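Before any comments, here is the structure.
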Amino acid sequence: MRCCIAENVDIQFTGMRLESDIIWVLILLEIQLRQKKSEKYMIAAQSKQKFYTDPKRRPLPFFVGDKVFLKVAPMKGVMRFGKKGKLSPRFIGPYEILEKVGIVAYRLALPPKLSGVHNVFHVSMLRKYVSDPSHVLNQEPLDLDPKLNYKERPLQILDRKEKELRNKKIPLVKVLWRNHSVEEATWEREDEMRSQHPELFR
């Protein structure tokens, strides 16, 4: 009798263990299926993104001997009051490409005044120059640092106005910057311009 009871109990426990094992197998299968589904969706999303992005990417085939413009930027920390973004980047040059370095970089023939600048540049810093006699760049030379940054210099004040912020009026001046067009003039705080560039107010 005891033997029969023991066998019965053992069969029940074995059955429970089997059920438990089956449940865990089903759970693991469900996790694997969901993971594969997620991977499938991710691949589809990446493929879709690539489809929309690729047409916008255009190869920039530069060759040794080509002439290119080099992008330079205002020093960091130069703020523009009431204007989104920065002044548009400047391009200097053109300079001749001496050699291709790796897949996306080029070595340029820089003039002696840029001897402190490393002469290998990523393709994103270059713009193709097409020779044209009508291209007359009437710009004052920029004082570039080794990182191709320069300090923006104001040329003159074009206009004045006041901006109301809460209960306070802030006097602003519209500044024309050297090497920039009138369309790129920006509104600046008058007190800051007076302290940094008093010569504009004489």
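The values are calculated or read from the model by the stated rules, or taken from the named source; none is laboratory data. Keep in mind it's a predicted model, so treat the numbers as computed, not measured. Please note: Cβ atoms are built from the backbone with ideal geometry, for glycine as well, and neighbour counts cover all protein chains shown.
A few points about this structure:
- Selection over region 142-187 of residues that are touching a residue at least 60 places away in the same chain (Cβ under 8 Å) and more than 25 Å from residue 71 (Cα to Cα) gives a count of 2.
Matching residues to (1) farther than 30 Å from residue 150 by Cα; (2) of a type outside the set (Phe, Trp, Tyr); (3) modelled with pLDDT of 55 or more:
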site: 25; (1), (2), (3): yes, yes, yes
site: 38; (1), (2), (3): yes, yes, yes
site: 41; (1), (2), (3): yes, no, yes
site: 48; (1), (2), (3): yes, yes, yes
site: 53; (1), (2), (3): yes, yes, yes
site: 95; (1), (2), (3): no, no, yes
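- The set of residues in region 152-184 being surrounded by 12 or more Cβ atoms within 10 Å (Cβ to Cβ) and assigned to a loop (DSSP other than H, G, I, E, B) consists of 152, 153, 178, 179, 180.
- Verdict on residue 141 being part of a loop (DSSP other than H, G, I, E, B) and either of a type outside the set (A, V, I, L, M, F, W, C) or at pLDDT below 85 (or both): yes
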